[in-house]
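A short worksheet on the structure shown next.
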Amino acid sequence: MPLEVYTDARAVAMRGAELFVDSVSAAVHARGRCSIALSGGSTPRATYDEIARRAGRDGSLWAGAQVFWGDERCVPPHDARSNERMARESLLAHVPIPARHVFPMRCLGDAEAAARRYEDLIREHLGARPRFDLVLLGLGDDGHTASLFPGSALLEEPERWVGVTRRSSESFTRITLTLAAINLAARVIFLVSGAGKADALQRALAGDPRAPASLVRPAGGDLYWLVDAEAARRPAASG
Ligand code: 6PG
């Protein structure tokens, strides 16, 4: 799997934006559309800003794009913790994407019902086997990705595409794409920066199953790790 190491977070964002635009353009050119699952968290924000700068006026690219989310916190869409809010502020507000092509992952109230609804929505737009053209992911310092946390039962979910989860440290529930959906993608791009991710990155790349990100292996697709030098630095050997 291609591991690309860049000098800093900005260089990761620049490369991430380049790969995003190339991927979406190729899919839209080939099939008239591109289904994208966006990541939450703070790292992708810089990439979204750069995508808006590069492709904010490319009407043909955005006419074919369908935007979904890889995971969401079950908070109101205007809440500062919302992944939808972050993506709208940094990207979607700055590109000519038709509102009917944007599918926020709303999950206030009954999260299980919201997960079922989102799975039905994916099936409606992507067909019986949800092959996203492009999935963007971040990496948590504990090795999680999307909202797939270490030890979660969702990591063993063989069928469902969207599941409900919760972190003991958080007051809100989350819904997330499962590995069953992510690993069907045509292309997955991880965006990772900062020294705090070094240990998780090393474990994920080494295939340590305790780091859920290590389980992202798109069977018929390609996988990119775009990381900065701080995240790529190997922790000093202990002892
Ligand atoms: C979320 C994200 C999550 C995120 C990682 C990294 O909803 O929190 O989907 O998986 O990508 O936690 O977050 P940072 O980029 O903020 O470090």
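Given the criteria at pLDDT below 95 and outside any helix (DSSP H, G or I), does GLY207 qualify? It would help to see each step written out before you state the result.
On the way: at pLDDT below 95: no; outside any helix (DSSP H, G or I): yes.
Spelling it out, it is not the case that GLY207 is at pLDDT below 95 and outside any helix (DSSP H, G or I).
State all residues of the range 83-103 that are small (Gly, Ala, Ser) and open to solvent by less than 60 Å² (accessible area, probe 1.4 Å); if no residue qualifies, say none. Please lay out each step first, then the result.
Here is the first cut: in the range 83-103, the ones small (Gly, Ala, Ser) are 87, 90, 93, 99.
Correct list: ALA87, SER90.
Of everything in the range 123-138 that's away from the ligand (no atom under 16 Å from the Cβ) and part of a loop (DSSP other than H, G, I, E, B), which residue is modelled with the highest pLDDT?
Step one: filter the range 123-138 for residues away from the ligand (no atom under 16 Å from the Cβ), giving 123-131, 133.
Now drop any that are not part of a loop (DSSP other than H, G, I, E, B), which leaves 127-131, 133.
Working: GLY127: 90, ALA128: 84, ARG129: 83, PRO130: 83, ARG131: 95, ASP133: 98.
So, considering only residues that are away from the ligand (no atom under 16 Å from the Cβ) and part of a loop (DSSP other than H, G, I, E, B), the one modelled with the highest pLDDT is ASP133.
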Of all residues making up the range 1-56, the number that are in contact (Cβ under 8 Å) with a residue 40 or more places away in the chain and touching a Leu at 6+ places or on another chain (Cβ under 8 Å): 29
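Going by the structure shown, is ALA46 within 16 Å of the ligand (Cβ to nearest atom), farther than 27 Å from ALA111 by Cα, open to solvent by 20 Å² or more (accessible area, probe 1.4 Å) and not in a loop (DSSP other than H, G, I, E, B)? Walk me through it before giving the result.
On the way: within 16 Å of the ligand (Cβ to nearest atom): yes; farther than 27 Å from ALA111 by Cα: yes; open to solvent by 20 Å² or more (accessible area, probe 1.4 Å): yes; not in a loop (DSSP other than H, G, I, E, B): yes.
Yes; evaluated as a whole, the condition is true for this residue.
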Residue check, GLY127 on the phi > 0 side of the Ramachandran plot and buried (at least 19 other Cβ atoms within 10 Å of the Cβ): no
Within the range 106-120, tally of residues that are farther than 12 Å from ALA181 by Cβ, among the aliphatic types (A, V, I, L, M) and either in contact (Cβ under 8 Å) with a residue 24 or more places away in the chain or open to solvent by less than 20 Å² (accessible area, probe 1.4 Å) (or both): 3
Unmet criterion (only one of (1) among the charged types (D, E, K, R); (2) more than 24 Å from TYR224 (Cα to Cα); (3) in a helix (DSSP H, G or I)) for ASP79: (3)
Selection count where residues are away from the ligand (no atom under 13 Å from the Cβ), open to solvent by less than 20 Å² (accessible area, probe 1.4 Å) and out of contact with any helix residue (DSSP H, G or I) (no Cβ under 7 Å at 6 or more places or on another chain), scope the range 155-204: 2
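The values are calculated or read from the model by the stated rules, or taken from the named source; none is laboratory data. Source: prediction; values computed, not measured. Reconstructed Cβ throughout: ideal geometry from the backbone, glycine too, with neighbour counts over all protein chains shown. SASA here: full protein model, heavy atoms, side chains in, ligands and nucleic acids out. Shrake-Rupley method; radii C 1.70, N 1.55, O 1.52, S 1.80 Å.
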